Amino acid sequence: MSYNRMLAKINYIGDTIVKATKLDIDDYGTIIPLRELELKLPSDDSIIHTLKVSPYAAIFTDNEEEDNSTIILAKGITEAELNREKEKTISAVNKTQET
């Protein structure tokens with residue numbers, strides 16, 4: 001089975017679906033919205049709770065197709081954690097450019 005992972009901003013949580021924006025972080029630490037997605041919720045209450053309390057999440061789905069995939073794992077990400085990831089990206093790019 002093939003899995004897909006992504007950084008996402010959670011926009012809406014319904015009874016059976018999540019609407020989210022797939023995100024990326026560019027070399028300058030800017031959050032880039034890539035596309036809007038509609039993902040299926042599993043019956044796992046812990047995943048649903050994680051998505052409800054987190055504005056951002058690292059999401060793993062059950063296949064490589066993005067839309068209509070079922071979420072199999074989600075880790076909440078706070079804005080502070082997201083900012084640290086942005087700083088790491090900028091630092092990594094700067095180190096690469098120095099060499």
- Query: Pairs, please: C-beta under 8 Å, at least 6 apart or cross-chain, first residue free of Cβ contacts under 8 Å to residues at least 40 places away in the same chain and in segment 73-93, second among the hydrophobic types (A, V, I, L, M, F, W, C) and in a helix (DSSP H, G or I)?
  - Reply: Leu73/Ile47; Ala74/Ile47; Ala74/Leu51; Gly76/Leu51; Gly76/Val53
- Please work out which one of (1) surrounded by fewer than 13 Cβ atoms within 10 Å (Cβ to Cβ); (2) over 11 Å from the mean Cα position of the chain (by Cα); (3) charged (D, E, K, R) is the condition Lys86 fails and give its number. (1)
- Among the residues of segment 7-27 satisfying the criterion of being in a strand (DSSP E or B) and of a type in the set (Ser, Thr, Tyr), which is nearest to Ser46 (Cα to Cα)? Tyr12
- Among the candidates Tyr28, Tyr12, Tyr3, residue that is over 16 Å from Ala58 (Cβ atoms) and in contact (Cβ under 8 Å) with a residue 60 or more places away in the chain: Tyr28
- Task: Please work out which one of (1) closer than 22 Å to Glu81 by Cα; (2) touching a residue at least 12 places away in the same chain (Cβ under 8 Å) is the condition His49 fails and give its number.
- Result: (2)
- Task: Return yes or no: is Ile59 closer than 25 Å to Lys88 by Cβ and surrounded by 12 or more Cβ atoms within 10 Å (Cβ to Cβ)?
- Result: yes
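Values quoted throughout were computed directly from the atomic coordinates according to the rules given, and no laboratory measurement underlies them. As the structure is a prediction and not an experimental result, all values here were calculated from the model. Don't worry about glycine lacking a Cβ; one is built from the backbone with ideal geometry, like all the others, and counts go over all protein chains shown.
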